[in-house]
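Read the structure below first, then the notes.
The values are calculated or read from the model by the stated rules, or taken from the named source; none is laboratory data. In this text the structure is predicted, and so the values were computed from the model without any measurement. Note that each Cβ is placed from the backbone with ideal geometry, even for glycine, and that neighbours are counted across all protein chains shown. Remember, those area values only see protein heavy atoms, side chains included, never the ligands or the DNA or RNA. Shrake-Rupley method; radii C 1.70, N 1.55, O 1.52, S 1.80 Å.
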Number of protein chains: 4
Amino acid sequence: MSNLDSLIQDLVIANRILAKEDVVDAYGHVSVRHPDKPSHFFIARSLAPDLVGPEDIVELDLDGQPVGDDGRQLYLERFIHAAILAARPDVMAVVHAHAEDTLPFGIAAATKLRPVIHSGSFIGSEVPVWDIAERFGDTNLLVTNLEQGRDLAKCMGHGSVALMRGHGFASAARSIIEVVRLSVYLPRNARVQMNAMRMGGKPKPLSKGEIAARAAGYRPNMPETWRAWEYWANRAGCGDKIGTPHDHSPKG
Amino acid sequence: MSNLDSLIQDLVIANRILAKEDVVDAYGHVSVRHPDKPSHFFIARSLAPDLVGPEDIVELDLDGQPVGDDGRQLYLERFIHAAILAARPDVMAVVHAHAEDTLPFGIAAATKLRPVIHSGSFIGSEVPVWDIAERFGDTNLLVTNLEQGRDLAKCMGHGSVALMRGHGFASAARSIIEVVRLSVYLPRNARVQMNAMRMGGKPKPLSKGEIAARAAGYRPNMPETWRAWEYWANRAGCGDKIGTPHDHSPKG
Amino acid sequence: MSNLDSLIQDLVIANRILAKEDVVDAYGHVSVRHPDKPSHFFIARSLAPDLVGPEDIVELDLDGQPVGDDGRQLYLERFIHAAILAARPDVMAVVHAHAEDTLPFGIAAATKLRPVIHSGSFIGSEVPVWDIAERFGDTNLLVTNLEQGRDLAKCMGHGSVALMRGHGFASAARSIIEVVRLSVYLPRNARVQMNAMRMGGKPKPLSKGEIAARAAGYRPNMPETWRAWEYWANRAGCGDKIGTPHDHSPKG
Amino acid sequence: MSNLDSLIQDLVIANRILAKEDVVDAYGHVSVRHPDKPSHFFIARSLAPDLVGPEDIVELDLDGQPVGDDGRQLYLERFIHAAILAARPDVMAVVHAHAEDTLPFGIAAATKLRPVIHSGSFIGSEVPVWDIAERFGDTNLLVTNLEQGRDLAKCMGHGSVALMRGHGFASAARSIIEVVRLSVYLPRNARVQMNAMRMGGKPKPLSKGEIAARAAGYRPNMPETWRAWEYWANRAGCGDKIGTPHDHSPKG
């Protein structure tokens, strides 16, 4: 299998994992940058992630326009991916989703989502909330053009996640595996924080030093990360399609 | 397949989806207006939605009486459907269900259910609560005659949802797909609102302008809606029965 | 199939349903009175309800002793069933379980579990809490003899449910179907009440008149009840074993 | 099957059960002491517990080093097991996991996790919280050496559980069955306590006398414990691999 085929295979697996782990339902999507053409990226055509196969992957440019348009329906919100990948050369993969337990933090302005569990450390020390209404007034809340996407990317800044008020979140990372992991543990971190808050007092978040120590020790293809990828792929019925950790090394 | 057979097929699929997505259990039902005889509608005989097949669909009139009665047991609460379809010529499909997470808002009078997530925008800016006891005193809480059904329809007014105190909700829309979508996202919106409230402060709902913008941009058979129908049908084991978006266009 | 075989079949189905609906796990049990010998009852040998087959059903007397002892291990807490069936000639079937969401109401003395949804009406207007420590001091919390069972039955009185502090609940009804339904909707009622309480204010319970109206209109083998039995049996993989509503009529 | 093969089989089953019951996901592990060489223990190689088979079990010493190293990747946190087994000759089996609903109690310092349900009695009267930062400053929160493991073991003391702030818990018991049971009911106890607290007032925990009475009456291979093991193994798809209670008697 070529590197490109293998990358697209991983993108398909990521779609299935995000569906199985309840990060996406019919809505939500995941993209990966083209390894050889950094101004292009891959994402599914307009289709529920759980139903995506390799034949459903399309190639878009950083304006969100299809490369070699074959007329297939595209995600309305592909501009989220285009804008973040344009703004952040360090980012290789992006997720947008409506995972239910992240949503309360987008509408309860008094409370910030913070990393309270070690697997949540990659969300940064405090997750910003982007409110589309601030610059764009009354919309249908969807990110349907580049300007909106760029505003969201600006809110994310150098971080890895931005919550979107009344809508969902966008997350970004250096690899497909990493962005999936981030997106699966984000709602879990949110639930733990909510539950701790309800017992009164202020839950203790990870310290900045702990967040840094975790980031420093992390490589996307280390065995501990692969273990999770293998586990989630098996749960999603794709265990036979993931190859070995070795196959993934060159993809960074 | 004739238009009518295809509509009944969709009604069967809607039954299965509502069961799979935990909107209904043994109780709850979904109906659709007869496309050619607007004073008739289709609904299952008294049967758990998850077990409904095309042969279980019966035709009723707007008094809730069977057309060509064959003696099969009917839902006690079919008057909910009859009354709403009679009061609202714009409505083509109705759901009644007891989805668990909508129930707290029916008994906690101090708090209104409001749209706090974009997929909840179709519930309107504030969901009314109908209390059967107000006009009918001590009942078994079920809507077992037309008079009660009409009172519920009046409470719903021009809206799309009414909560029923201590019982459940009724929802209404312009198509089967739309009423299913509304009914699936209603409990999710309720959970997000409850979770945000528990963190203190007042969760920010969608603005009236946002609700209007979402309604303006919505057509029941647009690709984004079809994507959800296809996803839910597959989850419910009916993926092979949905045809294509094209088949659905004439049904509005 | 004889009436007795069919009753035992129903008891097996009840075991499977209670497991599937998360009312019981490895622990918890359901019994039914012998239709011809009212001082005997049927219950499984010591086995997780999900694994119970007809061959696992044993016959006990109202002292909790086996009829024709074949040495099989019995439930330690069979005295719950023996004592309730002895105290209550109107009761035909009993469940004891640890359903998770009923447990908070057993340890939060300030709050009573009340019927807040129509399907919870059969729990009565307020559920008593039995604390084994009141009369028996420091125990392992299990009901391991007749004296303890009688004390629990006394707490239940003429009602249908008693919560057991730090342990679970006991429920009683006029038929297997009815006690299963009661036990499945009890945790749901508890969750709705907890969620409504968390939004502030006092959730509105069913009125005494409503509870009475629901009780008056209820017969265990009416089509609406059968619909739930059929649904739950199908979910539990026993859909082919339930016969027809007609088969159940004589069992009251 | 030899005693050792049978013990390893049980360890595999324990891995599968902990995965199925949501105690572990890709992360978390369970170990058992070597019955003949008390300074060795068995644990899986670095692999998600749900995917573990007998061929994945490795033998380590109480420094956490492999016996007969074959180069396979080991769990980074194997020192949790090594240190607890070294400090506690009475302990035969250890679990480390991140079960979601235990996590709030690790970060909400004002509230102690206490046994509030009878199946939670084995956690002791109050669960200590170990904060790695107290002695080791800013780390990645993982227990990656013996010194950290010993500090955790010290916090556990003579008890059976220690929560780990922002990370998870460690539990210890006299047999595999016992440590699995403890670890499955720990999150349930946590949920019940959280739900009771949210209704206001102070939930009533088990008394010390009740905790003692339950401990006194408990033997790992008694029928009531076996019933749970059999149930969980069946749910995890290993029902055919558990043998009979008799096979387990010598393992204490």
* Inter-chain shielding of D:111-119 (mean C-beta neighbours from other protein chains, 10 Å cut-off) -> 5
* Would you kindly work out, in nm and rounded to one decimal, the distances from the label point of B:P245 to those of the same position in each other copy, ordered shortest first, with label points 7 Å along Cα-to-Cβ? => 4.3, 4.3, 6.1
* To do: Calculate the mean, over all residues of peptide C:12-25, of how many other protein chain Cβ atoms lie within 10 angstrom of the residue's Cβ.
  => 1
* By what distance, in whole Å, do the Cα atoms of the range B:11-156 stretch along each of the three principal axes, largest value first? -> 46, 33, 29
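Over 31 Å between Cα atoms, which of B:K204/B:K241; A:K202/C:K208; A:K37/A:K204; B:K112/D:K20; A:K204/B:K202; A:K241/D:K241 qualify?
B:K204/B:K241; A:K202/C:K208; A:K37/A:K204; B:K112/D:K20
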* Counting only heavy atoms of the protein chains, get the accessible area per residue of chain D (1.4 Å probe) and round it to a whole Å² value. => 35 Å²
* Packing rank of D:230-238, C:15-23, where each peptide gets the mean count of other beta carbons within 10 Å, highest leading -> C:15-23, D:230-238
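How long are the semi-axes of the ellipsoid equivalent to the range A:71-112, from square roots of 5 times the Cα gyration tensor eigenvalues, in whole Å, largest first? It would help to have the intermediate numbers written out before the result.
Details: eigenvalues 128, 52, 15 Å².
Each semi-axis is √(5λ); the values are 25, 16, 9 Å.
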* Spatial extent of chain D: Rg and Dmax, with the Cα atoms as the point set, Å -> 17.3, 56
* Which distances, shortest first and in nm, link B:K112 to the matching position in the other copies, using label points set 7 Å out along Cα to C-beta? -> 3.3, 3.3, 4.6
* **Choice from C:V12, C:V161, C:V116 with maximal GNM fluctuation in chain C (Cα, 10 Å cutoff)** => C:V116
* **Exposure of C:K204 as accessible area (Å², to 10), given a probe of 1.4 Å and all protein chains** => 90 Å²
* Asked: What's log10 of I(q)/I(0) for the range C:73-168 at q = 0.12, 0.17, 0.20, 0.25 Å⁻¹, Debye sum over Cα points only, no solvent?
  -> -0.37, -0.75, -1.04, -1.52
* Pairwise centroid distance, computed over Cα atoms, of the range B:59-126 with the range D:82-155, Å -> 50 Å
* **For the range B:156-181 versus the range C:22-48, the gap between their alpha-carbon centres in whole angstrom** => 41 Å
* Structure fact -> dims of the range D:3-50, Cα set, principal axes, largest to smallest, nearest Å -> 31, 17, 14
* **Under Karplus coefficients 6.51, -1.76 and 1.60, residue-wise ³J(HN,Hα) of the range B:27-34 in Hz, glycine/proline x** => 10, x, 7, 9, 10, 9, 5, 5
* Asked: Rounded to the nearest 10 Å², what accessible area does C:D69 show when all protein chains are kept and the probe is 1.4 Å?
  -> 110 Å²
* Counting Lys and Arg as +1 and Asp and Glu as -1, each charge on the Cβ, what is the dipole of the range B:1-154 about the Cα centre in debye, to the nearest 20? -> 360 debye
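Counting only other chains, what is the mean number of Cβ atoms within 10 angstrom of the Cβ of each residue in peptide A:200-213? Before the final figure, lay out the partial values.
On the way: counts 4, 5, 4, 8, 8, 2, 8, 5, 1, 4, 8, 2, 2, 6.
So the per-residue partner count for this stretch is 5.
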* **For A:H40, residues with placed amide H under 5 Å, excluding near neighbours** => A:H34
* **Extreme residue, positive dipole direction of chain B, given options B:V179, B:V23, B:T225 (C-beta unit charges)** => B:T225
* Asked: In sequence order, what are the phi-derived ³J(HN,Hα) couplings for the range C:166-174 according to the Karplus relation 6.51 cos²θ - 1.76 cosθ + 1.60 with θ = phi - 60°, rounded to whole Hz, with x for glycine and proline?
  -> x, 9, x, 8, 10, 10, 9, 7, 7
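Strictly greater than 17 Å: what percent of every Cα pair in the range B:181-230 meets that?
Counting every Cα pair in the range B:181-230, those more than 17 Å apart make up 53 percent.
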* **Exam field: B:D69 pseudo-label spacings to other copies (7 Å along Cα-Cβ), nanometres** => 6.0, 6.0, 8.5
* Calculate the dipole size of the range D:101-252 relative to its Cα centre from +1 charges on Lys and Arg beta carbons and -1 charges on Asp and Glu beta carbons; express the result in debye to the nearest 20. => 460 debye
* At 24 Å minimum axial length over the Cα atoms and a Kyte-Doolittle cut of 0.0, report the qualifying DSSP H helices in chain B, or say none. => B:3-20, B:176-198
* Asked: Given springs between every Cα pair under 10 Å in a Gaussian network model of chain D, which of D:A108, D:A162, D:A44 has the largest fluctuation?
  -> D:A108
* Structure fact -> Non-local residues with an amide H under 5 Å from the amide H of A:V58, with H modelled 1.01 Å from N and Pro and chain starts lacking one, are A:I43, A:A44, A:R45
* Determine the share of the range C:113-178's accessible area contributed by carbon and sulfur atoms, expressed in whole percent, with a 1.4 angstrom probe. => 45 percent
* **Kirkwood Rh, Cα atoms: Rg over Rh of the range A:97-238** => 0.98
* Closest approach to the axis - chain B beta-carbon, rotation onto A, Å -> B:R198, 4
* To do: Give, rounded to the nearest 20 debye, the magnitude of the charge dipole that the protein assembly as shown has about its Cα centre when Lys and Arg contribute +1 at Cβ and Asp and Glu contribute -1 at Cβ.
  => 3120 debye
* Calculate for chain B the 222 nm mean residue ellipticity that helices alone would give, adding -39,500 (n - 2.57) per DSSP H run of length 4 or more and normalising by residue count, nearest 500 deg cm²/dmol. => -11500 deg cm²/dmol
* Please compute P(r) over all alpha-carbon pairs of the protein assembly as shown, binned at 10 Å starting from zero, and give each bin as a whole-number percent. => 2, 11, 19, 23, 22, 15, 6, 1, 0
